[in-house]
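Undergrad: Shown below is the structure under consideration.
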Amino acid sequence: MKKQSRFLFNRRPHLLAAALLMVMLPAAFADNNPGVPANEAIGRLKAGNSRFVLGRRLQANYPAERARLIKGQQPYAIVLTCSDSRVPPELVFDESLGKL
């Protein structure tokens, strides 16, 4: 008789929790006057991803960008990803520091 293996966690509740987090997280950080409208943010992400795919990424001056970030950051988008450092959102969306 084959013993059935039981998963420690059922995947469905985790998928539901992740979906709820994706919906609720932006609302939790929302401002009454958002800096970038949602349509513009999606447009920026799509354009950056297109540049990445085509291999035409914009040049960045990271030391100067870090110096500007001392005053604070105002990201226009939140990207929920895994912790795999091979696929940083700033790279695949061709975005600079402090924007995502």
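Undergrad: Given a Förster radius of 25 Å and the C-beta distance between LYS71 and SER50 as r, what FRET efficiency does 1/(1 + (r/R0)^6) yield to the nearest 0.05?
TA: Efficiency computed from Cβ-Cβ geometry: 0.25.
Undergrad: Enumerate by residue number the trypsin sites (Lys or Arg not before Pro) in the range 52-100 meeting two conditions: DSSP loop (anything except H, G, I, E, B), and at most 16 other Cβ atoms within 10 Å of the site's Cβ.
TA: ARG56, ARG57, LYS71, ARG86
Undergrad: Say R0 is 22 Å: what FRET efficiency, to the nearest 0.05, do ALA64 and GLU90 get from their beta-carbon distance? Before the final figure, lay out the partial values.
TA: Numbers: r = 16 Å, r/R0 = 0.71.
Working from the Cβ atoms, E equals 0.90.
Readers should treat all values here as calculations from the given coordinates under stated rules, not as data from a laboratory. Model, not experiment: these values are computed from the prediction. Cβ sites come from the backbone with ideal geometry, for glycine too, and all protein chains shown count toward neighbours.
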